[in-house]
Amino acid sequence: MALEYRYIRDEQPDGNHVVATERLCLTEDQTRLVPETDPAARWLYCTPGQQLPRADAERYGLLAQPEPTPEPTTEPEPEPAAPEPAEPKARAKPADKARTRPADK
């Protein structure tokens, strides 16, 4: 399963209990535990800080599974191509229409 649940904290030294870190609720059919904000939540199951039996946490799939280590890739990543130079967006300067002074004045 690609999802990783972080609704509980596994800190108890005896190993028989886990501690909830948020409010969890049972669904209508009582087969899943979901966060309190989930639309499928019907009945409150636990609150933050409450100890839950490890068997219940395993049954409802609350214990986070260790992520598999990704295998290193052997082919190098291609270097990104150099960006093409952008076209100048400035308008060309219009011709100077100012009159020049006549030579006899």
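Listed values, structure above:
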| quantity | calculated |
| --- | --- |
| Sole residue being at pLDDT 85 or above and outside any loop (DSSP other than H, G, I, E, B), chosen from 18, 34 | 34 |
| Hey, residue 72 open to solvent by 50 Å² or more (accessible area, probe 1.4 Å), modelled with pLDDT under 80 and under 21 Å from the mean Cα position of the chain (by Cα) or not | no |
| All positions within segment 23-42 that are over 14 Å from residue 56 (Cβ atoms), open to solvent by 20 Å² or more (accessible area, probe 1.4 Å) and among the polar types (S, T, N, Q) | 37 |
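The values are calculated or read from the model by the stated rules, or taken from the named source; none is laboratory data. None of the values given here were measured: they were computed from a predicted structure. Don't worry about glycine lacking a Cβ; one is built from the backbone with ideal geometry, like all the others, and counts go over all protein chains shown. All accessible areas refer to the heavy atoms of the entire protein, side chains included, with ligands and DNA or RNA removed. Shrake-Rupley method; radii C 1.70, N 1.55, O 1.52, S 1.80 Å.
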